[in-house]
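To start, the structure itself, in structure tokens.
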Amino acid sequence: MNLHTRRVHMQGPGGVIEMLRDEPGDGLALRGTAVLAHPHPLFGGTMENKVVQTMARAFVQAGWRALRFNFRGVGASEGQHDEGRGELADMLHIVADQVPDGPIALGGFSFGSFVAASAVERLWSTRAPEKIVLVGTAASRFSVVALPPEAHDRTLVIHGEQDDTVELSAVMDWARPQQLPVTVVPGVGHFFHGQLPLLKSLVARHLRS
């Protein structure tokens, strides 16, 4: 953690939620707050996952506060894995409790993208996120909702060409009916080993657009 990162705890629908709050550095005007979701908790996913950390850094350097949180049963977060239902409830609760007003962004990696996409759908009619970032979207393992057509210009979907956890073809099958563009990183696997700086650059470019 850096000087602008704090570990915080809050009460959620299923018990205590553990979070990391990353603040922009001094001199950066706050653009809003991003809530970011981590990969599958039953396979070692936590809010300190390297991809999620990279996403948070990109948001922070673009002037966004980043809230990463542990899903139920991970770290100090209470409760048990709920196959996306309770995890979605927690993400929505964080938005309502920690970001009562102002611009929001939502993002996630792998299972976290599945949860984040559901949160976008639930919030769109009342509080549409300004930016959406979905990395390694778990379209082969979960029924990921389609994003509202109006959200497409605000959305960045990134996937590794050689992802052997979620095949690129599954993400394309999810994106194709929506005509939702997918940014494919050549030669990269699910966890973007060796290409995290490129991932950060792609997210940063999206946030500047």
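The values are calculated or read from the model by the stated rules, or taken from the named source; none is laboratory data. All values reported here derive from a predicted model rather than from experimental measurement. Reconstructed Cβ throughout: ideal geometry from the backbone, glycine too, with neighbour counts over all protein chains shown. We work out accessible area using only protein heavy atoms, side chains counted, and drop any ligands, DNA or RNA first. Shrake-Rupley method; radii C 1.70, N 1.55, O 1.52, S 1.80 Å.
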ask   = Which one of 35, 60 is closer than 15 Å to residue 135 by Cβ, modelled with pLDDT of 95 or more and of a type in the set (Val, Ile, Thr)?
value = 35
key: Checking residue 18 against (1) part of a strand (DSSP E or B); (2) among the charged types (D, E, K, R); (3) more than 27 Å from residue 140 (Cα to Cα); (4) touching a helix residue (DSSP H, G or I) at 6+ places or on another chain (Cβ under 7 Å), the condition it does not meet   = (4)
query = In the range 22-55, what residues are touching a Ser or Thr at 6+ places or on another chain (Cβ under 7 Å) and either among the charged types (D, E, K, R) or in a helix (DSSP H, G or I) (or both)?
reply = 22
task = Output yes when any residue across the range 22-31 is within 25 Å of residue 152 (Cβ to Cβ) and either charged (D, E, K, R) or open to solvent by less than 40 Å² (accessible area, probe 1.4 Å) (or both), and no when none is.
result = yes
task = Within the range 156-183, track down each residue that is surrounded by 15 or more Cβ atoms within 10 Å (Cβ to Cβ) and touching a strand residue (DSSP E or B) at 6+ places or on another chain (Cβ under 8 Å).
result = 156, 157, 158, 159, 160, 166, 168, 171, 175, 180, 182
request  = Could you tell me whether the range 68-77 includes any residue that is open to solvent by 20 Å² or more (accessible area, probe 1.4 Å), in a loop (DSSP other than H, G, I, E, B), polar (S, T, N, Q) and more than 20 Å from residue 137 (Cβ to Cβ)?
outcome  = no
ask   = Looking at the range 100-138, which of the residues that are aromatic (Phe, Trp, Tyr) and open to solvent by 10 Å² or more (accessible area, probe 1.4 Å) is farthest from residue 81 (Cα to Cα)?
value = 124
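Across the range 112-162, what is the number of residues that are closer than 21 Å to residue 195 by Cα and without any contact (Cβ under 8 Å) to a residue 60 or more places away in the chain? Explain how you work it out, then say what you get.
Step one: list which residues in the range 112-162 are closer than 21 Å to residue 195 by Cα, which gives 112-113, 132-138, 155-162.
Next cut, without any contact (Cβ under 8 Å) to a residue 60 or more places away in the chain only: 132, 134, 137, 155-162.
Adding up the residues that qualify gives 11.
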request  = Examine the range 33-44 for a residue that is open to solvent by less than 10 Å² (accessible area, probe 1.4 Å) and without any contact (Cβ under 8 Å) to a residue 40 or more places away in the chain, and state whether such a residue exists.
outcome  = no
